[in-house]
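Data first, discussion second: the structure below is written as structure tokens.
Every number here is computed from the coordinates shown, using simple stated rules; none is lab data. Note that the structure is predicted; figures quoted are calculated from it, not measured. Cβ coordinates were reconstructed from backbone atoms using ideal geometry, including for glycine residues, and neighbour counts include every protein chain displayed.
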Amino acid sequence: MKILVTGAAGFIGYHVVEGFLNQGDSVIGIDNINGYYDTGLKYARLRNTGIEENDIKQGEYVQSNRYETYRFIRMDMNDRERLNALFETENFSHVVHLAAQAGVRYSLQNPFAYINANISGFMNLLEACRHFPVKHLLYASSSSVYGDNAHSPFKESDTTDKPVSLYAATKKANELMAYSYAKLYRISATGIRFFTVYGPWGRPDMAPFVFMSAILKGEPIQLFNQGNMERDFTYINDIVKGLMKVIPSPPLLETPHTLYNMGCSSPVKLTSFLKIIENVTGRKAIVKMAAMQPGDVTSTYADVSRLKRDFNYRPSTSIQTGISDYYQWFTEFYRQ
């Protein structure tokens, strides 16, 4: 396969790039390396795949010094002309679209960043796939599309028309846009609704990073909704294995579009999650209870029976193992 991975300097994107390269695929990664969080972490991920920061220039190929079949380009999804030229030149067989403006709370501060990246950027990608067809477009959706769903666990057939954040609304919009392009232009597309992905190289705005950093520094941790929250934490290795099962198999439907939940299917209360981090680090957390935040949901819980049926998807990493691995990476990377 010759694969385009967007968001290649991001958390999931970095791991996906490595997964494809390690099985011998040819990969081109793109990322705009924006400043939503520490760009040093993004450059470190790139460096781990053989892309040196000093070699990166806007819009130019950088050849990996670690993988023969990997090249990277710093570019924005809204650079339509350059994106179309890339598709025309490279003749991709598959696309994994992971580039997006992430984060629920940040969407309250900077809503236009979400429209620019998640709506306009995705529109440009769909148009590129329309004019330069690929075998399969795999794109990131989110468990946030379910809103504060009363039905648990969340099934792909559940109603998803009541988002509680703009981020969630843009992800739902992506699903509708992809469906319409599948219907109109026979673009084979699969949306993956990710559930709270964590692990080494994870984002610093996510709970595992925030909690672990605070505990190690002796700083207080806020538990929102008085701690009455639970999340279906899903380890990154299980995500990558799942994506690599799905990408070679475009949906064989009259309208070639489908959706899958990808989670651990084992929600953990945030209070229990914090205790696991305490046990792994050997330190006690300083906890401050706080009110529910706008845009948050009380619980996420993935029903993965569809993915299990179609691809034998079986997440195998326990939260204890995942947090232990994360702690090892965290302390090495940040020299705590």
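Output the peptides 198-210, 134-146 sorted from most to least packed, where packing is the average of other Cβ atoms within 10 Å over each peptide's residues. Walk me through the numbers on the way to the answer.
Numbers: 198-210: 19.3, 134-146: 24.5.
In decreasing order of mean packing, 198-210, 134-146 become 134-146, 198-210.
Below 12 angstrom from the Cβ of Glu53, what's the summed charge of the other residues (Lys, Arg +1; Asp, Glu -1)? Mind showing how you got there, number by number?
On the way: positive: Lys42, Arg45, Arg47, Lys57, Arg74; negative: Glu52, Asp55.
It works out to a net charge of +3.
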### Task
Return the long-range amide H neighbours of Ser299 (sequence gap of 5 or more, or a different chain), with a cut-off of under 5 Å between placed amide H atoms.
Glu230
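Within the stretch 219-304, what is the number of lysine pairs with alpha carbons under 24 Å apart, leaving out pairs fewer than eight places apart on the same chain?
Numbers: Lys269/Lys284; Lys269/Lys288; Lys275/Lys284; Lys275/Lys288.
Step by step, the pairs that qualify in the stretch 219-304 add up to 4.
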### Query
HN-Hα J couplings of the stretch 165-170 from phi, Karplus 6.51/-1.76/1.60, θ = phi - 60°, integer Hz, Gly and Pro as x?
8, 5, 3, 4, 4, 5
### Query
Over the Cα atoms of the stretch 1-63, what is the Rg over Rh ratio if Rh follows Kirkwood?
0.93
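I'd like to compare 95-104, 227-236, 177-186: which one has the highest average count of other Cβ atoms within 10 Å, and what's the full order after that? Could the numbers behind the result be given before it?
Working: 95-104: 23.7, 227-236: 22.1, 177-186: 17.0.
In decreasing order of mean packing, 95-104, 227-236, 177-186 become 95-104, 227-236, 177-186.
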### Task
Could you pull out every one of the lysines with an alpha carbon less than 19 Å from that of Lys42, ignoring same-chain neighbours closer than 8 positions?
Lys57
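Report the gain in length on full extension from Asn279 to Thr159: 0.36 nm times residue separation, minus Cα-Cα distance, nm rounded to one decimal.
Numbers: separation 120, 0.36 × 120 = 43.20 nm, distance 3.82 nm.
Extra length from Asn279 to Thr159 when fully extended: 39.4 nm.
Report the local net charge at Asp296: Lys and Arg +1, Asp and Glu -1, summed over other residues whose C-beta lies under 14 Å from its C-beta.
Local charge sum for Asp296: -1.
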### Query
What Rg and what Dmax come out for the stretch 10-117 when only alpha-carbon atoms are used, in angstroms?
14.1, 42
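Quote the charge dipole size of the stretch 1-112 about the Cα centre in Debye, to the nearest 20; the model charges only the Cβ of Lys and Arg (+1) and of Asp and Glu (-1). Walk me through the numbers before you get to the answer.
Numbers: 11 positive and 14 negative charges, 51 e Å.
Dipole size: approximately 240 debye.
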### Task
Might you report the magnitude of the Cβ-based charge dipole of the chain about its Cα centre, with Lys and Arg at +1 and Asp and Glu at -1, to the nearest 20 debye?
500
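Sum up the charges of everything whose Cβ sits under 15 Å from the Cβ of Tyr43, counting Lys and Arg as +1 and Asp and Glu as -1, but leave Tyr43 out.
On the way: positive: Lys42, Arg45, Arg47, Lys57, Arg66, Arg74, Arg203; negative: Asp31, Asp38, Glu52, Glu53, Asp55.
In short, +2.
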### Query
Which peptide among 214-221, 119-126 comes first, and what is the full order, when sorted by highest mean count of other Cβ atoms within 10 Å?
119-126, 214-221
### Most positive-pole-ward Cα, Ala128, Pro204, Met75, against dipole of the chain from beta carbon charges
Pro204
#### Entry: Whole-Å semi-axes of the chain's equivalent ellipsoid (Cα gyration tensor)
31, 24, 18
### Task
Would you kindly derive the ³J(HN,Hα) couplings of the stretch 323-335 from the backbone phi angles with the Karplus curve 6.51 cos²θ - 1.76 cosθ + 1.60 (θ = phi - 60°), listing them in order in whole Hz, with x for Gly and Pro?
5, 4, 5, 5, 4, 4, 5, 4, 5, 6, 6, 9, 6
